[in-house]
Amino acid sequence: MNTTNNKQLMQFIFQELSEGNDEPFLDAMADDMQWTWMGSGPWSRTFKGKQSVLDELWASVRTTLKPPYRTVANQFIADGDYVVVEAIGQNTTPDGKIYNNKYCWVCRLSAGKLHELREYMDTQLVTETFQGNG
């Protein structure tokens, strides 16, 4: 896929995420998907493999956020295999706390699949919202 196709795929994924549909996003993940929460603090880590992303990260999203999980993109920058997405969450925890984190996702795609995602976010907001339950 070329730059335009990669950007269009991520735009489609985020259109669906903005409506609370995470299936296209999950379907686009390659088996060797690697998702890294960037930084050096207690929230920084890497989920290696699609199964790890689903079992550890996404299962947690589904229990710590009230459905539907929504993220709305406001900027896409694409160059070759990479698409950078600036987005904001529109979420609430089950106990009613607003959780609208701001994200920058650096995504690497190949052959129509998402292989790598480096996520930059407000980790202080994560700590304040989830009180260190990471």
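The values are calculated or read from the model by the stated rules, or taken from the named source; none is laboratory data. This is a predicted model, so every value here is computed, not measured. No Cβ is skipped: glycine too gets one built from the backbone with ideal geometry, and neighbour counts run over all protein chains shown.
For segment 112-134, filtered to residues that are at pLDDT 95 or above and aliphatic (A, V, I, L, M), the residue that is farthest from K66 (Cα to Cα) is L114.
Quick check on T46: is it polar (S, T, N, Q) and either touching a residue at least 60 places away in the same chain (Cβ under 8 Å) or buried (at least 17 other Cβ atoms within 10 Å of the Cβ) (or both)? Before the answer, list the steps.
Working: polar (S, T, N, Q): yes; either touching a residue at least 60 places away in the same chain (Cβ under 8 Å) or buried (at least 17 other Cβ atoms within 10 Å of the Cβ) (or both): no.
It is false that T46 is polar (S, T, N, Q) and either touching a residue at least 60 places away in the same chain (Cβ under 8 Å) or buried (at least 17 other Cβ atoms within 10 Å of the Cβ) (or both).
In this structure, T129 does satisfy being in a helix (DSSP H, G or I) and either free of Cβ contacts under 8 Å to residues at least 24 places away in the same chain or among the β-branched types (V, I, T) (or both).
For segment 22-46, the set of residues classified as under 19 Å from S60 (Cα atoms), outside any strand (DSSP E or B) and either within 13 Å of the chain's Cα centre (by Cα) or at pLDDT 95 or above (or both) consists of D22, E23, P24, F25, L26, D27, M38, listed by residue number.
A search for C-beta distances below 9 Å between a residue of segment 1-15 that is within 15 Å of D27 (Cα to Cα) and any residue that is in a helix (DSSP H, G or I) and aromatic (F, W, Y), counting only pairs 6+ apart in sequence or on different chains, returns I13/F25; F14/F25.
I98 satisfies every condition listed in (1) exposed (fewer than 14 other Cβ atoms within 10 Å of the Cβ); (2) over 19 Å from L125 (Cα atoms) except (2).
When segment 1-21 is filtered for residues that are surrounded by 14 or more Cβ atoms within 10 Å (Cβ to Cβ) and either among the basic types (K, R) or assigned to a loop (DSSP other than H, G, I, E, B) (or both), the ones remaining, listed by number, are M1, K7, N21.
Scanning segment 56-89 for residues that are over 13 Å from the mean Cα position of the chain (by Cα), of a type outside the set (D, E, K, R) and assigned to a loop (DSSP other than H, G, I, E, B) yields L65, P67, P68, G80.
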